[in-house]
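Novice: Structure below; questions to follow.
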Amino acid sequence: MANQQSEPERPLHDGHRDRLRQRARLEGLDAFADHEVLELLLFSVLPRVNTNPVAHRLMYRFGSLSAVLEADARDLATVDGIGARGADFLALVPGLARRYLQDRVQRDNPPLTDPAAVARYLVPLMAGRPEEVVYLLCLDVQCRVAFPALLSSGTVAEAYVHTRHAVEEALRHRATSAILAHNHPSGSPNPSASDIELTRRVARALEAVDIPLLDHVIVAGETTFSFEQEGMLPT
């Protein structure tokens with residue numbers, strides 16, 4: 001009798017992948033454990049790897065889902081089984097989520113006429129950033145964002161935020177007013193002495209070119225601090 005060639009056996013974890021994908025389609029991710037979210041993310045970039053133990057190793061190494069996704073790709077790549085491709089993919093997720101959330105807010109380009117509207121704009125812009133960033137929101141005559149200018153990344157220390165840069169960005173984008181904003185990645189939104197000094201310096205520099213600084217907002221996760229709301233803007 002002629003030999004029949006059988007199809008190669010599917011790896012044991014293929015059935016697990018199918019079940020996890022089906023759960024995601026039917027239920028969404030709300031009921032998923034954090035390591036299962038990582039498994040699902042890694043399916044497309046690690047097609048021949050059992051991502052379950054990789055996900056568990058990532059969680060053990062970094063401690064939480066958010067810490068995994070905020071880790072540097074070079075650190076992620078040191079975890080056994082993930083490789084450079086998987087590490088690069090996971091490192092892109094926070095930026096992708098930030099772009100999505102920011103785009104949702106910006107599609108209608110709402111006027112930033114009160115602290116709540118400013119917070120709705122800024123929280124997605126700052127989401128998932130492990131480093132400190134400083135933005136100048138250049139506003140048009142209707143208080144809509146003409147351009148979010150990145151002034152600094154890595155620190156808000158005085159030496160790294162140049163008022164000349166803020167003025168140049170405001171003039172380049174024909175701002176009629178502006179809002180200063182930065183984040184506190186690991187702390188409260190309450191301003192430091194250097195934050196207060198930065199506000200004073202930027203407000204004074206913009207005033208010299210007839211562009212009022214409407215607010216300085218500090219973002220810490222979902223929480224914000226408004227200098228305008230707290231009566232702390234320079235007069």
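Novice: Give the calculated FRET efficiency between Asp34 and Arg99 to the nearest 0.05, with a Förster radius of 25 Å applied to their Cβ-Cβ distance.
Specialist: 0.65
Novice: Taking only Cα atoms of segment 145-235, what ratio of Rg to Rh do you get with Rh as the Kirkwood inverse-distance radius?
Specialist: Rounded to two decimals, Rg/Rh equals 0.93.
Novice: While we're looking at this one, here's another question. Go through 111-117, 133-139 and give me the packing order, highest mean Cβ count within 10 Å leading.
Specialist: Output ranking for 111-117, 133-139: 133-139, 111-117.
Novice: Rounded, prolate or oblate for segment 13-101? Axes are the square roots of the Cα gyration tensor eigenvalues, ordered a ≥ b ≥ c, and the cut-off for rounded is a/c under 1.5.
Specialist: Oblate shape, in that a/c is at least 1.5 and b/c is the bigger or equal ratio.
Novice: Mean residue ellipticity at 222 nm from the helices of the chain, using -39,500 (n - 2.57) per DSSP H segment of n ≥ 4 over the full residue count, to the nearest 500 deg cm²/dmol?
Specialist: -14500 deg cm²/dmol
Novice: Can you give me the distance in nm between label points at Asp140 and Arg57, each placed 7 Å from the Cα along the Cα-to-Cβ direction?
Specialist: With each label point 7 Å from Cα toward Cβ, the separation is 5.2 nm.
Novice: Extension gain Ser188-Glu27, at 0.36 nm per residue separation less the Cα-Cα distance, in nm?
Specialist: Going from the current span to full extension adds 54.5 nm.
Novice: Counting DSSP beta bridges with both partners in segment 110-226, what percentage is antiparallel, nearest 5? Display every interim value, and only then the final one.
Specialist: Working: 17 of 23 bridges.
Roughly 75 percent of the beta bridges in segment 110-226 run antiparallel, per DSSP.
Novice: So if I average 1/r over every pair of distinct C-alpha atoms in the chain and take the inverse, what Kirkwood radius in Å does that give?
Specialist: The answer is 20.4 Å.
Novice: List the residues, sorted by chain then number, that are 5 or more residues from His184 or on another chain and whose placed amide H is less than 5 Å from its amide H.
Specialist: So His184 has HN proximity to Val219, Ala220, Gly221.
A short reminder: the numbers here are calculations on the coordinates, not readings from a lab. All figures in this text were calculated on a predicted structure; none of them were measured in a lab. No Cβ is skipped: glycine too gets one built from the backbone with ideal geometry, and neighbour counts run over all protein chains shown.
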